[in-house]
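The structure appears below as structure tokens.
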Amino acid sequence: MNAPSSRGGASVGRLADLTPIEAGAVMYLRLWGDGSQGRADAASDFEIALGADQGQAAMTTLDRLCALCAHHGRRPLIRHGLGCACLGADENCFAQMVAAASEGAREDAMMMASLIVRPDFAPALASLSEELGMVLRRMTTSMQMPTTGHHIPTAVLH
């Protein structure tokens, strides 16, 4: 996590209290933000759970969604570390957006998207959130969320 006083990084809960879709959204946001190894782990998870073609499509969705947040965000999203049990405020907003979109609550997803990115990019973010949410829904209903043994840096406390 960036500096503890950074806006959006304040702990607002615990990952254990989230639904599987919400927790998956946070986990994959953290993996994507962790760089090339994290992204490779995410891609591997998607391929294991969904097969090669659908796994690659899911990774493309994650890439587009996170890149949109990174390049057109109102400010940088603050993430906690992979092994952190805390849930940051930004992560919670991201998770709620993806979960709402996966349930067809497009207006709620759009509202949360407008908190993350500029208003002109909120519709695209809400749409990508729906795609990722549906992927996570398929993964959680068909089996347990896979893990490729993500390596958690020992220096990361949060």
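The values are calculated or read from the model by the stated rules, or taken from the named source; none is laboratory data. Since the structure is predicted, the reported quantities are computational estimates derived from the model, not experimental observations. Note: ideal-geometry Cβ built from the backbone for every residue, glycine included; neighbour counts use all protein chains shown.
Selection of region 15-71 for residues being under 16 Å from A99 (Cα atoms) and not aliphatic (A, V, I, L, M) yields D17, T19, P20, E22, G24, Y28, T61, C66.
Go through region 27-69 and report how many residues are among the β-branched types (V, I, T) and without any contact (Cβ under 8 Å) to a residue 60 or more places away in the chain. Break it down into steps so the answer makes sense when it comes.
Taking region 27-69 and keeping what is among the β-branched types (V, I, T), we get 48, 60-61.
Restricting the remaining residues to those that are without any contact (Cβ under 8 Å) to a residue 60 or more places away in the chain gives 60.
The total comes to 1.
Is at least one residue of region 113-120 surrounded by fewer than 22 Cβ atoms within 10 Å (Cβ to Cβ), modelled with pLDDT of 95 or more, assigned to a helix (DSSP H, G or I) and touching a helix residue (DSSP H, G or I) at 6+ places or on another chain (Cβ under 7 Å)? Yes, there is a match, as at least one residue in region 113-120 is surrounded by fewer than 22 Cβ atoms within 10 Å (Cβ to Cβ), modelled with pLDDT of 95 or more, assigned to a helix (DSSP H, G or I) and touching a helix residue (DSSP H, G or I) at 6+ places or on another chain (Cβ under 7 Å). Within region 52-64, the set of residues being surrounded by fewer than 18 Cβ atoms within 10 Å (Cβ to Cβ) and either over 12 Å from the mean Cα position of the chain (by Cα) or not in a helix (DSSP H, G or I) (or both) comprises A52, D53, Q54, Q56, A57, T60. Among the numbered conditions (1) touching a strand residue (DSSP E or B) at 6+ places or on another chain (Cβ under 6 Å); (2) surrounded by 15 or more Cβ atoms within 10 Å (Cβ to Cβ), the only one that G24 does not meet is (1). Here region 20-51 is the region considered, the condition is being in a loop (DSSP other than H, G, I, E, B) and more than 13 Å from the chain's Cα centre (by Cα), and the residue that is farthest from R137 (Cα to Cα) is G35.
Among the numbered conditions (1) without any contact (Cβ under 8 Å) to a residue 40 or more places away in the chain; (2) over 16 Å from L125 (Cβ atoms); (3) in contact with a helix residue (DSSP H, G or I) (Cβ under 8 Å, 6 or more places away or on another chain), the only one that G24 does not meet is (1).
How many residues are in a loop (DSSP other than H, G, I, E, B) and closer than 18 Å to I21 by Cα if we restrict to region 65-112? Before the answer, list the steps.
Taking region 65-112 first, the residues in a loop (DSSP other than H, G, I, E, B) are 74-85, 103-105.
Add one more test, that the residue is closer than 18 Å to I21 by Cα, and what stays is 79-80, 82-85, 103-105.
Total satisfying the criteria: 9.
Condition first: closer than 22 Å to G9 by Cβ and either surrounded by fewer than 19 Cβ atoms within 10 Å (Cβ to Cβ) or over 12 Å from the mean Cα position of the chain (by Cα) (or both). Can you find one or more residues in region 103-112 that meet it? Write out each step before concluding.
Taking region 103-112 and keeping what is closer than 22 Å to G9 by Cβ, we get 111-112.
This time we only want the ones that are either surrounded by fewer than 19 Cβ atoms within 10 Å (Cβ to Cβ) or over 12 Å from the mean Cα position of the chain (by Cα) (or both), so: 111-112.
Yes, that holds for at least one residue.
Summed over region 80-122, residues that are more than 24 Å from L31 (Cβ to Cβ) and hydroxyl-bearing (S, T, Y) total 1. Checked against the criteria, G73 does not count as within 28 Å of S11 (Cβ to Cβ), in contact (Cβ under 8 Å) with a residue 60 or more places away in the chain, surrounded by 14 or more Cβ atoms within 10 Å (Cβ to Cβ) and of a type in the set (G, A, S).
So which of A57, A95 is in contact with a strand residue (DSSP E or B) (Cβ under 8 Å, 6 or more places away or on another chain) and at pLDDT 95 or above?
Working: A57 fails: in contact with a strand residue (DSSP E or B) (Cβ under 8 Å, 6 or more places away or on another chain).
On inspection, the qualifying residue turns out to be A95.
Kindly establish whether V98 is surrounded by 16 or more Cβ atoms within 10 Å (Cβ to Cβ), in contact with a Gly (Cβ under 7 Å, 6 or more places away or on another chain) and closer than 21 Å to M139 by Cβ. First the steps, then the outcome.
Details: surrounded by 16 or more Cβ atoms within 10 Å (Cβ to Cβ): yes; in contact with a Gly (Cβ under 7 Å, 6 or more places away or on another chain): yes; closer than 21 Å to M139 by Cβ: yes.
Yes: the conditions hold for V98.
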